[in-house]
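Enquirer: Below you will find the structure I want to go over with you.
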Amino acid sequence: MVHPFFVHNICGDIMEELPQKAKAVMGIYGAVATLTQSSVAFFRFNKDDFIVILVALFVASTVGSYVYIVLFFRHYRYYIRDDVIVIKKGALFKRRHLIYVDKISTITIHESFVHRWFKLCTIYFHAQGSVVRLSFVPVNKSDELQKILDSRH
């Protein structure tokens, strides 16, 4: 079996003509192939065991991502209190943004294709040189929020 490093050296002339993205993909492939071969040799796995380990890592990362997303949305809150918009968010590390309504200069509402599909939007509050983003807001709530802010502003 030919080591990917040697394949890269043999194909050096071809690599000069490829676009940057193709070079990146080939580099990633070479890195994964080298990692696979070296870990199989180092840990004395056979290739079937290595595939099982890769599937287990994939499942673990998928479950971890799901748990993080659930925690993120469970702790994502916003409300208006005494002319202040309070945004609380964070799955592992909590953050809180305070936006004073009288300091807001403009409000921008953004809807992408995916937003429209789920009837959500992102609201950007521009206040004195800073921008605070409020994501995953239902479209009907964004209209209510804008009316409330217009009445207080």
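Where a number appears in this text, it was derived from the coordinates with a stated rule and is not lab data. Keep in mind the model is a prediction, meaning the values are calculated, not measured. FYI the Cβ positions are ideal-geometry reconstructions off the backbone, even for glycines, and counts take in every protein chain you see.
Enquirer: Residue-wise, which Karplus ³J(HN,Hα) couplings in Hz belong to the stretch 132-149, taking 6.51 cos²θ - 1.76 cosθ + 1.60, θ = phi - 60°, and x for glycine or proline?
Expert: 10, 9, 10, 9, 6, 9, x, 4, 5, 5, 5, 5, 4, 4, 5, 5, 5, 5
Enquirer: Hey, can you grab everything whose amide H is under 5 Å from the amide H of Ile104? Only 5+ residues off in sequence or another chain; H modelled, so Pro and N-termini drop out.
Expert: Excluding prolines and chain starts, which carry no amide H, there are no hits.
Enquirer: What's the lysine pair count for the stretch 77-152 at a Cα cut-off below 21 Å, pairs eight or more apart or interchain?
Expert: Pairs that pass both the separation and distance tests number 7.
Enquirer: Now for a separate question. Sort Ile99, Ile104, Ile80 by Cβ crowding within 10 Å, fewest neighbours at the top.
Expert: Lowest to highest Cβ neighbour count: Ile80, Ile104, Ile99.
Enquirer: Could you tell me which trypsin sites (Lys or Arg not before Pro) in the stretch 56-138 are loop residues by DSSP with no more than 13 other beta carbons within 10 angstrom of their beta carbon?
Expert: For trypsin sites (Lys or Arg not before Pro) across the stretch 56-138 that sit outside H, G, I, E and B with at most 13 neighbouring Cβ atoms in 10 Å, the list reads Lys94, Lys119.
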